[in-house]
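In what follows, a structure is listed as structure tokens, so that the remarks can point back to it.
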Amino acid sequence: MNEQQNSTTTNEKRVNPFFADYGTPHDVVPFDRIRLEDYEEAFVEGIRRDNEQIEKTINNPEKPTFDNTIINTEEDEGYYDLLSRVSTVFFNLLSAETNDDMDALAQKIQPMLTQHANDVRLNPRLFERVKYVHQHHRRLTPEEKMLLDNCYDGFVRSGALLDEDGKSKLRQLTEEASMLSLQFSQNLLKENKAYTLHITDEAQLDGLPETAREAAALAAKEQDKQGWLFTLDMPSYSPFMTYSTQRDLRQQMYMAHNTVCTHQNTENNLEICKRLVNLRREIAQLLGFKTYADYVLKRRMASNARNVYRLLDDLIDAYKPTAMKEREELKKIFPKTAQKAGGMKPWDINFYSHKLQMKKYNLDAEMLRPYFELSKVIKGVFGLANKLYGITFKENSDIPVYHPDVKAYEVFDKDGSFLAVFYADFHPRKGKQGGAWMTEYQGQYIDKKGENVRPHVSVVMNLTKPTEDKPALLTLGEVETFLHEFGHSLHGMFANTRFESLSGTNVWWDFVELPSQFMENFAIEKDFLRTFAFHYQTGEPLPDELIRRIVKSRNFMAATACLRQVSFGLLDMAYYTKKDEFTDDIIPFEKHAWRKAILGEQLPDTCMTVQFSHIMAGGYAAGYYSYKWAEVLDADAFSVFKRHGIFDQQTAKSFRDNILSKGGTEHPMTLYKRFRGGEPTIDALLKRNGIKKKIKK
């Protein structure tokens, strides 16, 4: 009798899947066998095993060494990796496929995990061993030295040097911050999924393309409603704001989107955000830093807040004049009657930007959709990886997945050897957070037997869904999103380091976006588009004329888009450079913080902060500038490919060997200079965006 049959016979005989070998291809997660009750049992047992291992380490009578203290847990496998194993699955699904029971369990589990993490980092006997090794160690390889430094710094930055009162205070602060971050995310998901715009009068669909109408009709049908249903998921929201001629409905959608988590209900995030900002400031100051930004930036390429502000100010100086011209150009096509009735409002921007794009380039997203059918895009993206690096993808239906939308692939290297498992989760649904991200179910490392354990990586997106009549047809922006997350996944798949904590995307946060943003560059390259962009009905390739218009329009509203990203960076830094208690009201504070980068009207009730997951519940607090920082790097890096050919395999090999495979084993600038031959400059980015003309040599 197999395990699955046995599990249905009696609960007494069933084995929690986390406690045994998975028995799956490549030891992937057996999603189909995991039950809700398995998580808590595995968390409790995982913490117990962790504590047992720590006791063995600190009671070891031998003198502390790098091998018996630092890598003792890093390299342990099987018995002691249970906590990591269950945490990875649970928290990944909490973002991608949650429900009320999972959310409730998270509220119960999170305090346990935070307390355990504090117990480990604030254990004085364990820290003494780590400290001794940090001061007295054998000759180490660069990767070993990085692991040791990270380990020691991790203890110090988690409060190991504090006295007992300080440690007690830190426990209180971190436990509260952990719970509030979780609450923030759960509130945001509930608020976003709660809103729908239900239309029953077909006249109110005026202006909307057929794809948007069909998707809305399917959404209504799925909820047993007549007519059309629009949501705040981007594949629904974005086309509505771009094409709907119903200004009052655009206003309704815009306000719904931009006021989530501000209403007087249990999902209000205003006070949660204020408290999170103060908690992080208190944590940083308890650890000896003036601000939370000082604490964060000590381990970033930017080094300090001054350098971050220098980057953001330089971008404002370079892009704002062009952005103001873009704004004036937009106003010229805005109807005079509407100008007299209050002028252009935020819910008009996308609508009239589309009209201006059509006027200037005769191009819009709907023209391109028929050429970006999802299955073809997948082949194109995989084909790009093959052209650059020689890797291949093979879908494997024997690999369990957590939702029917998810596809699982085996990835093979140029020499035919197994490289990774790759999951792709494409479409929005009820239990899934908005946005797009890359994650892992298993990181790469080399085990004690010398085997290179290969990674299981996943990209999660919210792309346009198929309808009853059409396959999933993407916009060019969605193709770019796919390329972006795929770039992160390559960083994970190519990982080739000894230690898991240094592999793949385990790099400094202002370096992690380089591989992802680098891949976006290919989206408008003719030679790449020619490999997959074929009309889903006729099979005709994307016409040269449309490609020409895509390339010509690549910088359409680019300065405005840049300032938008800069505004988010300014807001982030405004919160986390505060030295004193934050007592301001969130909404007016936000509007003042980013005013230098804002060109249009700021409405009094709208708020970004309460839905700004990156800086409130993600890893980008005091680090949102990273996107622009990495954009400088990606433009500079892609200029090398442009010079040698976008599919040049020697350049790609250098990028793989020097950056993608190295993870966090060395300082990121060391890795970048090894690929580039020198430090990056902002010139390539300015040239790419048409802000600075190419210098003639």
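Sort 471-483, 294-306, 489-501, 14-26 by packing, meaning the average of other beta carbons within 10 Å per residue, with the highest value first.
Most protected by this proxy first, the peptides run 489-501, 471-483, 294-306, 14-26.
Give the shape of the chain as rounded, prolate or oblate, defined through the alpha-carbon gyration tensor: a ≥ b ≥ c are the square roots of its eigenvalues, a/c under 1.5 means rounded, and otherwise the shape is prolate if a/b is larger than b/c and oblate if not. Display every interim value, and only then the final one.
On the way: a/c = 1.42, a/b = 1.37, b/c = 1.04.
Since a/c stays below 1.5, the shape of the chain is classed as rounded.
What list of ³J(HN,Hα) values in whole Hz, one per residue of segment 393-408 in order, does the Karplus curve 6.51 cos²θ - 1.76 cosθ + 1.60 (θ = phi - 60°) give from phi, with Gly and Pro shown as x?
These are the phi-based 3J(HN,Hα) values: 10, 9, 5, 10, 6, 7, 7, x, 10, 8, 7, x, 5, 7, 10, 10 Hz.
For a paramagnetic label modelled at 7 Å from the Cα of Arg299 toward its Cβ, which residues of segment 148-165 fall within the zone defined by backbone nitrogen distances under 19 Å?
Residues 148-162 qualify, since their backbone N sits under 19 Å from the label point.
Can you pull out the trypsin sites (Lys or Arg not before Pro) in segment 514-602 that DSSP calls coil and that have at most 16 other Cβ atoms within 10 Å?
Those that pass, being in a loop and sparsely packed, are Arg530, Arg554, Lys579.
How large is the accessible surface per residue of the chain, computed with a 1.4 Å probe and reported in Å² as a whole number?
44
Let's test the formula: R0 of 60 Å, r as the Cβ-Cβ distance of Glu540 and Leu140. What FRET efficiency results, to the nearest 0.05?
Approximately 0.55, to the nearest 0.05.
Can you tell me, using C-alpha contacts under 8 Å and at least 6 residues apart, the relative contact order of the chain as a whole percent?
The value is 15 percent.
From largest to smallest, what semi-axes in whole angstrom does segment 422-554 give when each is the square root of 5 times an eigenvalue of its alpha carbon gyration tensor?
32, 18, 14
Against the longest principal axis of the chain, how steep is helix 305-332, in degrees 0 to 90 to the nearest 10, with axes from Cα atoms?
That works out to roughly 20 degrees.
Would you mind classifying segment 504-573 by shape? Square roots of the alpha carbon gyration tensor eigenvalues, ordered a ≥ b ≥ c; an a/c under 1.5 is rounded, otherwise it is prolate if a/b is larger than b/c and oblate if not.
Judged from the Cα gyration tensor, segment 504-573 comes out oblate (a/c at least 1.5, b/c at or above a/b).
Remind me, relative contact order of segment 429-491 in percent, using alpha carbon pairs under 8 angstrom and six or more residues apart?
Details: 70 pairs, mean separation 20.1, N = 63.
Worked out over segment 429-491, it gives 32 percent.
What fraction of the DSSP beta bridges in the chain is antiparallel, stated in percent and rounded to the nearest 5?
For the chain, the DSSP antiparallel bridge percentage is about 80.
Provide Lys432, Lys414 ordered by accessible surface of protein heavy atoms (probe 1.4 Å), highest first.
I get Lys414, Lys432, largest accessible area first.
If I fit a long axis through the Cα atoms of helix 124-135 and take the longest principal axis of the Cα atoms of the chain, what angle between them do I get, 0 to 90°, rounded to 10?
Between helix and principal axis, roughly 80 degrees.
At a 10 angstrom cut-off on C-beta neighbours, averaged per residue, how do the peptides 453-459, 617-623 rank from highest to lowest?
Packing proxy ranking, top to bottom: 453-459, 617-623.
What is the calculated FRET efficiency for Lys360 to Asp149, with r their C-beta to C-beta distance and R₀ = 56 Å, to the nearest 0.05? Each step should come with its number before you reach the end.
On the way: r = 52 Å, r/R0 = 0.93.
That pair, Lys360 with Asp149, gives E of 0.60.
Which FRET efficiency value, to the nearest 0.05, do you get for His403 and Asp447 by plugging their Cβ-Cβ distance into 1/(1 + (r/R0)^6) with R0 = 35 Å? Spell out each step's value before the answer.
Details: r = 30 Å, r/R0 = 0.87.
Efficiency at R0 = 35 Å is approximately 0.70.
Determine the calculated [θ] at 222 nm for the chain from helices alone, applying -39500 (n - 2.57) to every DSSP H run no shorter than 4 residues and normalising by the residue count; nearest 500 deg cm²/dmol.
Taken over the chain, the calculation gives -16500 deg cm²/dmol.
With each pseudo-label sitting 7 Å past Cα toward Cβ, what's the Arg49-Ser417 distance in nm, one decimal?
2.8
Which distance in nm do the two modelled labels at Arg275 and Gln172 give, with both placed 7 Å along the Cα-to-Cβ direction?
Spacing of the two 7 Å Cα→Cβ label points: 1.4 nm.
What angle do you read, to the nearest 10 degrees and between 0 and 90, between the alpha-carbon axis of helix 247-258 and the longest principal axis of the chain?
10
Measure off, as a whole percent, the carbon and sulfur share of the 1.4 Å-probe accessible area of the chain, all protein chains present.
With neighbouring chains kept in place, the figure for the chain is 48 percent.
The values are calculated or read from the model by the stated rules, or taken from the named source; none is laboratory data. These figures come from a predicted structure and were not determined experimentally. Glycine gets a Cβ as well: all are built from the backbone with ideal geometry, and neighbour counts include every protein chain shown. For the accessible areas, the whole protein counts, side chains as well, though only heavy atoms, and no ligand, DNA or RNA atoms are used. Shrake-Rupley method; radii C 1.70, N 1.55, O 1.52, S 1.80 Å.
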